[in-house]
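Student: Take a look at the following structure, please.
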Amino acid sequence: VLFRFAVDIQPGMLERAKATVAGHGLVNVEFVLADERDPKLAPASLDLVFIANAYHEFSEPEVIMREVRQALKPGGRVFVLEYKSENPKAPASGLHRMSFEDLRLEIEPTGFAIDQVLDFLPTQHGVAFVPVP
């Protein structure tokens, strides 16, 4: 059985996610109310962590990424999707965008290496990271 986790620090956003999930008829999603320093993910429990248009919101990204790294199973990956600060047509304000270089410079020092870059996305960076030994 494949399980998915929706994690947020805002109860209202989790409620919105619950409504969306219910609207799609999905039943295998667990909703997790996290805090700014702990995503509340079990160690070595996840194959993939998908962070969509939210990494820029982390108040302590190095702490969160350390926790995410511990939550990955061997062979696990993290995929980060963020609007491009380099593209003025990206449909997000400047505060909600990141450059590719900023993503790299923040995430790599937390014990990750770039595994794959989806460079065909016109307004977003899509980057897969893997833990390094």
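Student: Identify the single condition in (1) in a loop (DSSP other than H, G, I, E, B); (2) in contact with a Gly (Cβ under 9 Å, 6 or more places away or on another chain); (3) open to solvent by less than 30 Å² (accessible area, probe 1.4 Å) that M65 does not satisfy, given that it satisfies every other one.
Tutor: Here M65 meets the rest and fails (1).
Residues checked against (1) within 22 Å of V132 (Cβ to Cβ); (2) crowded, with 16+ Cβ neighbours inside 10 Å; (3) touching a Gly at 6+ places or on another chain (Cβ under 8 Å):
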position	(1), (2), (3)
P11	no, no, no
R16	no, no, no
N28	no, no, no
R37	no, no, no
P43	yes, no, no
V80	yes, yes, yes
K89	no, no, no
L103	yes, yes, no
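Student: Additional query: Please count how many residues of region 45-56 are assigned to a helix (DSSP H, G or I) and open to solvent by less than 30 Å² (accessible area, probe 1.4 Å).
Tutor: Residues of region 45-56 that are assigned to a helix (DSSP H, G or I), as a first pass: 55-56.
Filter again for open to solvent by less than 30 Å² (accessible area, probe 1.4 Å), leaving 55.
Total satisfying the criteria: 1.
Student: Based on this model, can you work out whether S59 counts as surrounded by fewer than 17 Cβ atoms within 10 Å (Cβ to Cβ) and either on the phi > 0 side of the Ramachandran plot or among the small types (G, A, S) (or both)?
Tutor: Values: surrounded by fewer than 17 Cβ atoms within 10 Å (Cβ to Cβ): yes; either on the phi > 0 side of the Ramachandran plot or among the small types (G, A, S) (or both): yes.
Against the criterion (surrounded by fewer than 17 Cβ atoms within 10 Å (Cβ to Cβ) and either on the phi > 0 side of the Ramachandran plot or among the small types (G, A, S) (or both)), S59 qualifies.
Residues are listed down the side, and each one gets a yes or a no for (1) in contact (Cβ under 8 Å) with a residue 24 or more places away in the chain; (2) within 19 Å of F50 (Cβ to Cβ); (3) of a type in the set (G, A, S):
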{"residue": "G94", "(1), (2), (3)": "no, no, yes"}
{"residue": "F100", "(1), (2), (3)": "yes, yes, no"}
{"residue": "I107", "(1), (2), (3)": "yes, yes, no"}
{"residue": "F112", "(1), (2), (3)": "yes, yes, no"}
{"residue": "D115", "(1), (2), (3)": "yes, yes, no"}
{"residue": "D119", "(1), (2), (3)": "no, yes, no"}
{"residue": "G126", "(1), (2), (3)": "yes, yes, yes"}
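Yes/no matrix, rows are residues, columns are (1) free of Cβ contacts under 8 Å to residues at least 24 places away in the same chain; (2) under 19 Å from H96 (Cα atoms):
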{"site": "I9", "(1), (2)": "no, yes"}
{"site": "K18", "(1), (2)": "yes, no"}
{"site": "V29", "(1), (2)": "no, no"}
{"site": "E36", "(1), (2)": "no, yes"}
{"site": "P39", "(1), (2)": "no, no"}
{"site": "L48", "(1), (2)": "no, no"}
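Student: Output the number of residues of region 34-52 satisfying the condition of being over 15 Å from E67 (Cβ atoms) and among the aliphatic types (A, V, I, L, M).
Tutor: 2
Student: Any residue at all in region 92-101 that's of a type in the set (D, E, K, R), open to solvent by 70 Å² or more (accessible area, probe 1.4 Å), more than 24 Å from S45 (Cβ to Cβ) and at pLDDT 95 or above? Spell out the reasoning first.
Tutor: The initial filter retains those residues of region 92-101 that are of a type in the set (D, E, K, R), namely 97, 101.
Narrowing further to those that are open to solvent by 70 Å² or more (accessible area, probe 1.4 Å): 101.
The next check asks that each one be more than 24 Å from S45 (Cβ to Cβ); those that pass are 101.
Remaining after also requiring at pLDDT 95 or above: 101.
There is at least one residue in region 92-101 that is of a type in the set (D, E, K, R), open to solvent by 70 Å² or more (accessible area, probe 1.4 Å), more than 24 Å from S45 (Cβ to Cβ) and at pLDDT 95 or above.
Student: Okay, next question. V117 fails exactly one of the following numbered conditions: (1) modelled with pLDDT of 95 or more; (2) not in a strand (DSSP E or B). What is the number of that condition?
Tutor: Exception for V117: condition (2).
The values are calculated or read from the model by the stated rules, or taken from the named source; none is laboratory data. Since the structure is predicted, the reported quantities are computational estimates derived from the model, not experimental observations. Using ideal geometry, Cβ is built from the backbone for each residue, glycine included, and neighbour counts are taken over all protein chains shown. Calculation scope for accessible area: heavy atoms of the full protein, side chains included, ligands and nucleic acids excluded. Shrake-Rupley method; radii C 1.70, N 1.55, O 1.52, S 1.80 Å.
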